[in-house]
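Encoded as structure tokens, the structure appears first; notes follow it.
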Amino acid sequence: MYFILCAAALAPARAEPPRAPVLDIAAVPHLGREGREDYASFLLQATPRAFALSPEGAWGWAAALPTAAATEARALELCASWGGGGCRIYARDLAVVWPGRESPPPPVPDATPIKAGPGWTLVPDGRFLWQGPQAARGAYVWAHGRAAGGQDSRGSQPQPHVRVFNNEGYDVLRFDRAPATDETDIAADWLRNALQVLRAQGYARIVMGGQSRGAWNALQVLDTPGLVDGVVAIAPAAHGARGSPAWAWALEDLQRIVTAARSPTARVVVANFAQDEFDPDPGGRATLFRSLATPKIGSLLFLDRPNGLVGHGAGADWRFTQSYGECLLHFIERQAPDCIGRTQPGR
């Protein structure tokens, strides 16, 4: 189900930043139409990643294998399996390495956090293309979830839809938290502090995205006008999995977030999925999310249990990025979303 509420537009963005050569699909030699379409899919993959091709027009790619060497070997293997002779790597991670067309990615920032405190950091992610505050189209800050078993999620790559934003000129930063001190309201305070610092750096837009507890924190900062221009909340949750005693007050806590929202220019995306083991009341939550509307925020895009996407982690499914990645970007930037009519309720 697709639900959207709109309000006034924000100020126009600054001039478009230059695109990295690895993003130039038309420049890839030897490929036909299908190969170029597949290269576009490759550009949304996590690193390590490698795209191989041959002079005959065969290709193959691989991503997110345990090592860069294994990733490249798999890409070359797939290229050869489709009849390619002399397959070579064209793109590696963010760089073009094809002989005669070599082009490194833009310089990445060092790993020094932009802001940090005991138990948390706001840090640039060097696995994404980087422009810097004055050139970037915006900043996308990603907040990971809090694992039920206490696993440390710091350093994990953001979900694939974030690549859509990055490929269009957004810098990507991570809001990382140590599991031992990652309490919900405390983390929201950390995040408010971090976003104020990022805003002062001069980014044209700030988008706050997250999964699960990270998404819950992203919604919490809507109580402070001017912190964010957009929020992308994927399966927001903060009360544990099915059977948790905290489910008894989960809707009440969500109501507090909705009531506290005071960001009249922010554009907000919320995605909920069917059969989410962290969702205590899909219908009740849907009603509350729909009430998160003008004048509390600028605009709401609510993706309510879209067909074919199931479970708490469905936002990481390639089908989510394929169906909604560009839609999220266009909505945040006040363009007409291109996902209208594409969803059906998947209850």
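The values are calculated or read from the model by the stated rules, or taken from the named source; none is laboratory data. As the structure is a computational prediction, the values presented were derived from the model and not from experiment. As a convention, Cβ positions derive from the backbone with ideal geometry for all residues, glycine included, and neighbour counts pool all protein chains shown.
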Taking the range 174-221 and keeping only residues that are in a helix (DSSP H, G or I), basic (Lys, Arg) and in contact with a helix residue (DSSP H, G or I) (Cβ under 7 Å, 6 or more places away or on another chain), one is left with Arg192, Arg213
> at pLDDT 95 or above, assigned to a loop (DSSP other than H, G, I, E, B) and of a type in the set (D, E, K, R) - does that describe any residue in the range 334-347?
Replying inline: no
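Taking the range 153-173 as the search range and keeping residues that are assigned to a loop (DSSP other than H, G, I, E, B) and under 14 Å from the mean Cα position of the chain (by Cα), which one is nearest to Trp130 (Cα to Cα)?
Going through the qualifying residues, I end up with Gly169.
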Within the range 87-142, residues part of a loop (DSSP other than H, G, I, E, B), in contact with a helix residue (DSSP H, G or I) (Cβ under 9 Å, 6 or more places away or on another chain) and among the small types (Gly, Ala, Ser) come out as Gly119
- [ ] Test Val270 against the criterion of being of a type outside the set (D, E, K, R), in contact with a Phe, Trp or Tyr (Cβ under 6 Å, 6 or more places away or on another chain), outside any loop (DSSP other than H, G, I, E, B) and within 28 Å of Leu122 (Cβ to Cβ), and give yes or no.
- [x] yes
Flagged in the range 194-232 as in contact with a Phe, Trp or Tyr (Cβ under 8 Å, 6 or more places away or on another chain) and free of Cβ contacts under 8 Å to residues at least 12 places away in the same chain, in numbering order, are none
Filtering the range 222-237 for residues that are part of a loop (DSSP other than H, G, I, E, B) and either over 19 Å from the mean Cα position of the chain (by Cα) or buried (at least 24 other Cβ atoms within 10 Å of the Cβ) (or both) leaves a count of 8
Exercise. For the range 233-250, indicate whether the set of residues that are assigned by TED's automatic domain parsing to the domain that holds Ala188, without any contact (Cβ under 8 Å) to a residue 40 or more places away in the chain and within 14 Å of Leu300 (Cα to Cα) is non-empty.
Key: yes
Among strands (runs of 3 or more DSSP E) entirely within the range 1-70, at least 2 residues that are at pLDDT below 95 and of a type outside the set (Lys, Arg) occur in 2-5
All-but-one check, Leu173 against (1) on the phi > 0 side of the Ramachandran plot; (2) crowded, with 24+ Cβ neighbours inside 10 Å, failing number (1)
Scanning the range 83-110 for residues that are hydrophobic (A, V, I, L, M, F, W, C) and at pLDDT 95 or above, the one farthest from the chain's Cα centre (by Cα) turns out to be Cys87
